[in-house]
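Working notes, beginning with the structure itself.
The values are calculated or read from the model by the stated rules, or taken from the named source; none is laboratory data. None of these values were measured; they are calculated from a predicted model. Neighbour counts run over all protein chains shown; Cβ positions are idealised from the backbone, glycine included.
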Amino acid sequence: MKLMKCTRCNMPTSYEGLSLDALGVCEICRASEEKMKIDWKKKRGQLEKIFDKYRSKTNYDCIVPVSGGKDSAYQMHMLKKEFNMNPLAVTFSHNLFSQEGRENLHMMLEQLDIDHIEYTPKRSLVDRMMKNSLSLIGDSCWHCHAGVGAFPLQMAIKLNIKLLVWGESVAEWGKCATYSNPIDYDEDYFRKVSTKQGPEKMIAAGGIEENEMMFFYPPDAEEFGSSGLHGIFMGDYLFWDGEYFTEFLTKHYGWKERQLEGTYKRYKSAECIMTGVHDYSKYVKRGYGRGTDFATQDLRNGIISIDEFHELSSHYDSEEPIMMDYYTKKTGIEKKEFYNILIKQRETAAKELFDSKQRMIFSDPNKKRIVNDSTLSDEKYFEKLIKEKDNYFKG
Ligand SMILES: [Zn+2]
């Protein structure tokens, strides 16, 4: 199938599950139009009613999965300060925390005074899962996708907590949902959207024992059904704006941003050191990375021009991340093999974007890395990244 791009935001159809309507506009753009017309005050009232239903005198009112990222930090703030809820925060740790991510998470829990449970898979297990992950799903992060979904669900059911509060609406990035027709959060959703390949596949890929995978299994349909657990996305009830959340958290809580690989914004997945490798894998497989993700959003919102869009996506997407070195050493997958594995999984529509030497046809051959942190020179930025990587090797 030929590659097409949304006529409004330029998102390519190599984006998983993306379809364009008769005017060539994608569902992410349509959802963003919808978002502007929603009566958010009314939605907030609906959320308040849901919360009222789940307030408990004997248990936590809800579980909130927290990653150390800005969305879950804002969720905790809203639950505690605006809705006067008594949440239990749960963290599936990918065991790849950036220093800022760790500090942000700790700071939010302390300042908001919230109880917290965390599960961290051991280093060797993470390394083995990162290795299998590349062939299994085409990026390095299966353990994170699976753990983030399964662990909070397991905890909610074990502790008999009836409400689980996720963050961003699924409609925000397409994925078969709109604001007027939001997705049902159930076992089916978890299997289809959250992890496409279950723990059985991870074990079958080799080097991993079943008894290491306890926290990666989502509850089955029966457990789900009998638990009475209800999952909601806060973003279906409150206007979601990552940029605003970051500003808010910085001002009120002393939130720390960090320089990220492969993009020009400094907040998305800043809690993880592997985000550059994750996004770069997507670029090799689908022909676009995190630079394009953000640029489509900014283009859609009218913040940047189409020329700026091209400049940003061609500059950031194709940058091989520094953390690739960490990934290859920890997994034993050589760089050449890394590319081979991903090129084999390349989306048909994305193939036309690369030449026979695997160079991106539209990328700028003379490009230099752009560092978007005005407080750091290019040199200092790379020094910082390399130091961070070395610290991980030591750990
Ligand atoms: Zn679009």
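Laid out as a table, the results:
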{"quantity": "Check on residue 45, of a type in the set (Gly, Ala, Ser) and either under 25 Å from the mean Cα position of the chain (by Cα) or within 16 Å of the ligand (Cβ to nearest atom) (or both)", "calculated": "no"}
{"quantity": "Test set (1) surrounded by 17 or more Cβ atoms within 10 Å (Cβ to Cβ); (2) more than 19 Å from the chain's Cα centre (by Cα); (3) aliphatic (A, V, I, L, M) - residue 90 fails condition number", "calculated": "(2)"}
{"quantity": "First in segment 12-34 and closer than 16 Å to residue 2 by Cβ and small (Gly, Ala, Ser), second anywhere and assigned to a loop (DSSP other than H, G, I, E, B) and more than 8 Å from the ligand (Cβ to nearest atom), Cβ under 9 Å, 6 or more apart", "calculated": "14/3; 14/287; 14/288; 14/346; 14/347; 19/13; 19/174; 24/4"}
{"quantity": "Number of positions in segment 272-321 that are more than 19 Å from residue 347 (Cα to Cα), among the hydrophobic types (A, V, I, L, M, F, W, C) and touching a residue at least 40 places away in the same chain (Cβ under 8 Å)", "calculated": "8"}
{"quantity": "Those residues of segment 27-53 which are more than 24 Å from residue 17 (Cβ to Cβ) and of a type in the set (A, V, I, L, M, F, W, C), in sequence order", "calculated": "40, 47, 50, 51"}
{"quantity": "Residue identified as β-branched (Val, Ile, Thr), surrounded by fewer than 19 Cβ atoms within 10 Å (Cβ to Cβ) and in contact with a helix residue (DSSP H, G or I) (Cβ under 9 Å, 6 or more places away or on another chain) among 275, 328", "calculated": "328"}
{"quantity": "Which numbered condition residue 303 fails, given (1) at pLDDT 90 or above; (2) within 16 Å of the ligand (Cβ to nearest atom)", "calculated": "(1)"}
{"quantity": "Matching residues, segment 197-209, being in contact (Cβ under 8 Å) with a residue 12 or more places away in the chain and of a type outside the set (Gly, Ala, Ser)", "calculated": "197, 199, 201, 202, 208"}
{"quantity": "Residue 288 vs. criteria aromatic (Phe, Trp, Tyr), at pLDDT 85 or above, within 30 Å of residue 108 (Cβ to Cβ) and surrounded by 21 or more Cβ atoms within 10 Å (Cβ to Cβ)", "calculated": "no"}
{"quantity": "Residue satisfying condition, being away from the ligand (no atom under 16 Å from the Cβ), among the β-branched types (Val, Ile, Thr) and within 30 Å of residue 155 (Cβ to Cβ), within set 38, 63", "calculated": "63"}
{"quantity": "Hey, residue 53 more than 16 Å from the ligand (Cβ to nearest atom), within 30 Å of residue 312 (Cβ to Cβ) and either outside the structural domain of residue 351 (by TED's automatic domain parsing) or free of Cβ contacts under 8 Å to residues at least 60 places away in the same chain (or both) or not", "calculated": "no"}
{"quantity": "Segment 93-142, subset in a loop (DSSP other than H, G, I, E, B) and charged (D, E, K, R), residue farthest from the chain's Cα centre (by Cα)", "calculated": "113"}
{"quantity": "Subset of segment 210-223 (residues that are within 28 Å of residue 132 (Cα to Cα) and without any contact (Cβ under 8 Å) to a residue 40 or more places away in the chain)", "calculated": "210, 211, 213, 214, 220, 221"}
{"quantity": "Filter result (among the aliphatic types (A, V, I, L, M), closer than 30 Å to residue 248 by Cβ and crowded, with 18+ Cβ neighbours inside 10 Å) within segment 110-149", "calculated": "114, 148"}
{"quantity": "Odd one out for residue 309, checked against (1) away from the ligand (no atom under 16 Å from the Cβ); (2) among the hydrophobic types (A, V, I, L, M, F, W, C); (3) in a helix (DSSP H, G or I)", "calculated": "(1)"}
{"quantity": "Members of segment 244-271 that are modelled with pLDDT of 85 or more and either part of a helix (DSSP H, G or I) or in the same structural domain as residue 346 (by TED's automatic domain parsing) (or both)", "calculated": "244, 245, 246, 247, 248, 249, 250, 251, 252, 253"}
{"quantity": "Subset of segment 9-34 (residues that are crowded, with 18+ Cβ neighbours inside 10 Å and either assigned by TED's automatic domain parsing to the domain that holds residue 294 or away from the ligand (no atom under 11 Å from the Cβ) (or both))", "calculated": "14"}
